[in-house]
Amino acid sequence: MNLVRAFETAFADAERKGWSYIYVFIDLHSTVIKPNYSSGDIPKEFYDGALEALKLMTNTDDMKIIMYTCSHPQEIKKYVELFEEHDITFDYINENPEVTTTPQGYGNYDMKPYFNVLFEDKASFNAETDWEPIVYYLRDRNSPSGNNERNKKLFKEMYAKEGGASLKVVLTNLVADGLKRRDYKIYYGGGRDDGGTKIKKYDIVLYVSPNKDPHLMVVLNVSKDNMCELYRYNEMGVEEKIVI
């Protein structure tokens with residue numbers, strides 16, 4: 001489940017409408033915490049990536065996080081204390097009092113609270129696999145630099161996997177992954193191309209065209225003659241030189 005896209009859509013809507021926050025509802029069992037199916041003692045084993053993601057959300061100024069749980073009141077109190085031990089603070093529990101029903105308003109939020117993003121295993125969120133892209137997305141969004149941590153990790157892994165393969169091979173694999181996931185941002189790096197020419201910097205950016213078909217641009221600044229080469233990769237991962 002690609003909640004990265006849900007975040008991007010929510011922040012884009014908030015900017016367009018002049019909102020100060022987006023609202024994220026977060027289920028606990030089988031989403032953040034592995035259930036123990038025991039009454040009385042709350043489970044305390046977190047899924048990989050969940051704690052870091054929640055900390056990043058807690059420290060994001062334009063986001064409110066809301067605990068969304070069917071736990072008993074006495075259990076909710078224990079959960080609040082548990083999360084506070086990890087420096088995670090929920091803004092609300094099972095409600096969003098900041099978005100209310102008004103006579104001339106668009107929606108009625110008396111029974112269904114308003115949210116922009118929902119973390120819920122019953123809504124197809126897979127806690128075993130879906131936290132990782134969220135962590136990388138939030139790291140990059142909260143980082144003052146333009147680097148994309150997930151892309152950097154993928155590049156290193158792909159390079160090692162290919163046994164020191166050419167930069168062209170690694171980039172092609174990264175591009176194919178980006179087209180599949182549609183969650184690339186920017187990665188600045190360096191290396192050598194097939195001919196041994198040293199590349200000072202390349203940028204990997206995911207652009208979404210008006211018809212919503214994504215493509216990646218790879219900008220290569222070559223030190224030999226200081227030429228800038230712009231490539232586009234189609235959905236098959238095949239490069240097309242655009243400008244020399």
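Brief remarks follow.
- Any hit, segment 27-45, residues being charged (D, E, K, R) and not in a loop (DSSP other than H, G, I, E, B): no
- Selection within segment 52-70 - in contact with a Ser or Thr (Cβ under 8 Å, 6 or more places away or on another chain) and either farther than 24 Å from F7 by Cβ or part of a helix (DSSP H, G or I) (or both): T58
- Test: residue in segment 71-86 that is within 12 Å of V24 (Cβ to Cβ) and either in contact with a helix residue (DSSP H, G or I) (Cβ under 9 Å, 6 or more places away or on another chain) or assigned to a loop (DSSP other than H, G, I, E, B) (or both): no
- Residue in segment 51-66 that is touching a Pro at 6+ places or on another chain (Cβ under 8 Å), among the β-branched types (V, I, T) and at pLDDT 95 or above present: yes
- Residue in segment 116-148 that is modelled with the lowest pLDDT, counting only those that are crowded, with 19+ Cβ neighbours inside 10 Å and in a loop (DSSP other than H, G, I, E, B): N148
- Residue that is over 17 Å from the mean Cα position of the chain (by Cα) and either among the acidic types (D, E) or crowded, with 18+ Cβ neighbours inside 10 Å (or both), where the choices are I66, I93: I66
- Residue list for segment 58-97, filter: out of contact with any Phe, Trp or Tyr (no Cβ under 6 Å at 6 or more places or on another chain) and of a type in the set (K, R): K77, K78
The values are calculated or read from the model by the stated rules, or taken from the named source; none is laboratory data. Here the structure is a predicted model, which means the values were calculated and not measured. Cβ: placed from backbone, ideal geometry, glycine included. Neighbour counts: every protein chain shown.
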